[in-house]
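The values are calculated or read from the model by the stated rules, or taken from the named source; none is laboratory data. Source: prediction; values computed, not measured. Please note: Cβ atoms are built from the backbone with ideal geometry, for glycine as well, and neighbour counts cover all protein chains shown. To get the accessible areas, we keep the full protein, side chains included, count just its heavy atoms, and leave off ligands, DNA and RNA. Shrake-Rupley method; radii C 1.70, N 1.55, O 1.52, S 1.80 Å.
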Amino acid sequence: MTIDGYCTLGVDREYDLTESALLYGMDRAGVDRAVIAPVDRYLAVSNREGNDFILGTAVARPDRFIPACSANPWYGDAAVEEVRRAVGKGARLLILHPFVQGYLANDELVWPLLDAASAEEVPVYIHTGPPGNATPWQVVDLADRYPSIDFIMGHCGATDFWNDVVDAGKAGHNVYLESSLARPFSLVARLKEVGMHRGIMGSFAPINELTFEWDQMRRVLSPEDWQDVCGGNLLRLLLKRGAL
Amino acid sequence: MIIDCHTHWGTVWEDRDREDPARWLAMLDNHGVNRAFLLGHYNLHRSDQCRADNDRLARLTAKTPDRFIPFGTVWPQMGEDAVKEARRCLQTLGLKGLKFHPWLQGFSTADPVMSEIYDLAGALGAPVFFHDGTPCYSLPEQVAGLARRFPRTRFVLGHAGLLWSWRSALEAVRHPNVWACLCGPHMRAVEVFCQRADPGRLLWGTDFGFGFTDSIAYRLNLIYRARIDDALREQILGVNPLRLFEK
């Protein structure tokens with residue numbers, strides 16, 4: 001099964017991905033399923049509104065979409081409650097975007113959300129990269145503190161924290177490296193060092209074009225690595241909570 | 001005509017090919033890229049190699065003058081010697097501009113020595129090309145601050161803000177002496193730049209040459225797949241790069 005590890009569904013500012021457009025792109029690229037996440041506005045505020053949109057879309061096409069949810073930890077207990085609610089309604093990943101949501105990734109502010117993610121057995125996807133709210137080593141801090149959680153290092157710190165990715169990946173055994181923005185031509189060398197079993201293909205559509213990113217990844221991965229990076233590894237994490 | 005406005009004569013290429021650009025140029029040929037802004041690499045990593053690498057860029061260009069548009073660098077930590085070296089690059093070696101990577105080279109864009117260099121470049125009509133998108137010395141708004149202070153000097157944001165500062169880069173290019181090289185932002189940001197920025201000050205590049213990896217294919221495909229007017233794409237790829245050097 002091929003899975004796109006991160007797509008942003010919805011229309012807001014530079015985002016313009018509709019359900020039908022995403023399905024069209026997935027079909028063209030040969031992608032079976034895609035993780036869908038809310039647009040930035042709904043990561044920062046109005047989390048419930050964004051989560052409900054994603055969950056409602058996924059319910060209509062459970063064979064194609066894997067819903068992710070988010071809550072801004074600044075909402076405190078309400079954020080924890082929102083994560084529990086969204087996961088209870090079918091969300092299979094928790095998304096954190098420290099740059100957009102306004103904190104450092106390894107701030108204790110996020111611990112209550114991680115407690116919930118751990119209890120619910122959902123992987124946590126963290127957007128990483130400049131300006132420094134979320135770096136590869138901050139993800140490792142979290143991974144140390146929460147060894148039961150699988151952390152997905154979104155974008156692998158692209159671009160300026162690329163120097164840290166290999167060492168951080170080796171240090172965090174429950175850290176997975178997601179490809180979007182890290183560019184396929186750059187990422188593969190890092191995955192060879194950390195291990196192909198820790199790579200996750202994500203297009204970050206519509207910020208990147210889905211079919212283009214999948215075409216590019218196809219150019220650089222061997223057939224055996226393709227199976228793991230382009231679906232197998234993420235599927236393994238998702239199944240810890242149960243069947244999709 | 002396609003001009004790649006962001007390439008490097010990388011340390012790995014120099015170590016292997018010893019000033020023979022044939023294999024490096026073959027990579028450009030594979031993708032139909034005609035010319036390239038050629039930036040150094042040794043001179044960005046090691047201050048003790050700065051002068052030698054500037055000389056090397058001049059020699060490489062002399063071998064294939066129709067392919068390379070070379071940029072030298074200096075280290076402001078060297079004080080007045082840096083200003084002298086900048087003048088040597090532009091007036092003796094014939095390099096066409098100056099490239100700075102404050103993150104790698106470890107200086108602030110606000111370094112007082114740099115002021116003399118910005119002035120010199122402005123007086124000679126040589127663009128100043130920055131790595132940008134990286135805190136704390138290489139942000140687009142910092143380069144925009146220079147553009148305010150040195151209105152005669154043309155500044156290039158070598159990465160148009162990279163992936164997370166592209167909105168700052170879009171603000172920076174409001175200044176008429178700031179140009180943006182679309183080498184780093186994702187496809188959607190590239191499309192927004194093409195909608196909102198002055199189309200006459202957009203460039204395209206690949207950062208090819210830091211290693212042996214072929215980064216040209218991805219970035220060339222990106223600019224062709226992005227939803228950009230064909231005429232504007234041609235302008236970015238082949239016309240604007242030469243306009244950058246017009247007096």
Select the helices (runs of 4 or more DSSP H) contained entirely in region B:1-64, then report the ones holding at least 2 residues which are hydrophobic (A, V, I, L, M, F, W, C) and surrounded by 19 or more Cβ atoms within 10 Å (Cβ to Cβ).
B:22-30, B:50-63
Of the residues in region A:1-31, those that are surrounded by 15 or more Cβ atoms within 10 Å (Cβ to Cβ) and away from every other protein chain (no Cβ under 14 Å) come to A:Thr2, A:Ile3, A:Asp4, A:Gly5, A:Leu9, A:Glu19, A:Leu22, A:Leu23, A:Met26, A:Val31
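Do you know which residues across region A:63-83 are among the aromatic types (Phe, Trp, Tyr) and closer than 16 Å to A:Gly202 by Cβ?
A:Phe65
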From B:Val74, B:Val12, which residue is over 15 Å from the mean Cα position of the chain (by Cα) and of a type in the set (A, V, I, L, M, F, W, C)?
B:Val12
Among A:Ala117, A:Ala78, A:Ala189, the single one that is surrounded by 21 or more Cβ atoms within 10 Å (Cβ to Cβ), hydrophobic (A, V, I, L, M, F, W, C) and not in a loop (DSSP other than H, G, I, E, B) is A:Ala117
When you scan region B:114-123, do you find a residue that is farther than 29 Å from B:Lys63 by Cβ, in a loop (DSSP other than H, G, I, E, B), of a type in the set (Ser, Thr, Tyr) and touching a strand residue (DSSP E or B) at 6+ places or on another chain (Cβ under 8 Å), even just one?
no
For region B:163-214, name all the residues that are of a type in the set (Asp, Glu) and either within 14 Å of chain A (Cβ to nearest Cβ) or over 18 Å from B:Leu237 (Cα atoms) (or both).
B:Glu171, B:Glu191, B:Asp207, B:Asp214
Run A:Phe151 past the list (1) more than 14 Å from chain B (Cβ to nearest Cβ); (2) within 14 Å of the chain's Cα centre (by Cα); (3) closer than 21 Å to A:Val220 by Cα; (4) open to solvent by less than 10 Å² (accessible area, probe 1.4 Å) and report the number of the one that doesn't hold.
(3)
Meets criteria (open to solvent by 10 Å² or more (accessible area, probe 1.4 Å), modelled with pLDDT of 95 or more and within 10 Å of another protein chain (Cβ to nearest Cβ)) for B:Leu120
no
Considering only helices (runs of 4 or more DSSP H) wholly within region B:130-247, the ones with at least 2 residues that are open to solvent by 60 Å² or more (accessible area, probe 1.4 Å) and without any contact (Cβ under 8 Å) to a residue 40 or more places away in the chain are B:140-149, B:166-172, B:187-196, B:216-225, B:230-234
Among residues of region A:131-148, those that are within 11 Å of chain B (Cβ to nearest Cβ) and open to solvent by 10 Å² or more (accessible area, probe 1.4 Å), counted
3
Residues that are over 18 Å from A:Glu82 (Cβ atoms) and in contact (Cβ under 8 Å) with a residue 40 or more places away in the chain: does region A:112-130 have at least one?
yes
